[in-house]
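Student: To start, I am sharing the structure in question, which I have written as structure tokens.
The values are calculated or read from the model by the stated rules, or taken from the named source; none is laboratory data. Owing to the predicted nature of the structure, the values given are computational and were not obtained by experimental measurement. In this analysis, Cβ positions are derived from the backbone assuming ideal geometry, glycine residues included, and neighbour counts consider all displayed protein chains.
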Amino acid sequence: MAQETPTIEGMIQRKNVQILDGVASWEEAIRVAVTPLVEDGYVEERYISGIIENTHEMGPYYVLCPDLALLHARPEQGVIKQQLALTVLRHPVRFKPEGPDVRVLVTLAAVDADSHIEAMKRLAVLFSSPANITGIAEAADADEAYRLFVGAPASA
């Protein structure tokens, strides 16, 4: 039986959205961004280590553009259930010295290579506009960040 295709709204809960002042390092950024998914049983603790280890091996492959990182590892690195988390940093982090500043961290827990594609299409539309990324980065609070995040139009 085919799995239902999740929407952004179906893949993120408001409690998985957080705004933090800042972090001391890119490793800490990964830890705090993934923690809501660990605490709610969407990923195992080792998912954090998986992203950090992958970064040491391949570089910050998940930094998509200035201000935006889509943190993820392979499903076998500790994903239990599909879900997204959103972390906004008031003071940006850099994942490499010459890299761009990042204030919006979206953590993706995908159970396989295909079931999250529709939600990813919605995210691509949302994040195709730098103004949308800035809006989320500058949201007054986590409720506003959540509303901006799930309010992505269905098509461009």
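Student: Under 15 Å from the mean Cα position of the chain (by Cα) and under 21 Å from Glu27 (Cα atoms): which single residue out of Ala142, Ala69, Ala119, Ala124 fits that description? So that I can check it myself, show each step before the final result.
Tutor: On the way: Ala142 fails: under 21 Å from Glu27 (Cα atoms); Ala119 fails: under 21 Å from Glu27 (Cα atoms); Ala124 fails: under 21 Å from Glu27 (Cα atoms).
One residue alone meets the criteria, Ala69.
Student: Out of the stretch 94-119, which residues are modelled with pLDDT under 90 and surrounded by fewer than 14 Cβ atoms within 10 Å (Cβ to Cβ)?
Tutor: The answer is Asp112, Ala113, Asp114, Ile117.
Student: Being assigned to a loop (DSSP other than H, G, I, E, B), surrounded by fewer than 20 Cβ atoms within 10 Å (Cβ to Cβ) and without any contact (Cβ under 8 Å) to a residue 60 or more places away in the chain, is that true of even one residue in the stretch 6-23?
Tutor: no
Condition check ((1) of a type in the set (Ser, Thr, Tyr); (2) closer than 16 Å to Ile12 by Cβ; (3) part of a loop (DSSP other than H, G, I, E, B)) across all residues:
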site: Thr87; (1), (2), (3): yes, yes, no
site: Pro92; (1), (2), (3): no, no, no
site: Pro97; (1), (2), (3): no, no, yes
site: Val106; (1), (2), (3): no, yes, no
site: Ala119; (1), (2), (3): no, yes, no
site: Arg147; (1), (2), (3): no, yes, no
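Student: Working only within the stretch 31-66, note down all residues that are under 12 Å from the mean Cα position of the chain (by Cα), within 23 Å of Lys96 (Cα to Cα) and touching a residue at least 60 places away in the same chain (Cβ under 8 Å).
Tutor: Selection gives Ala33, Val34, Leu64.
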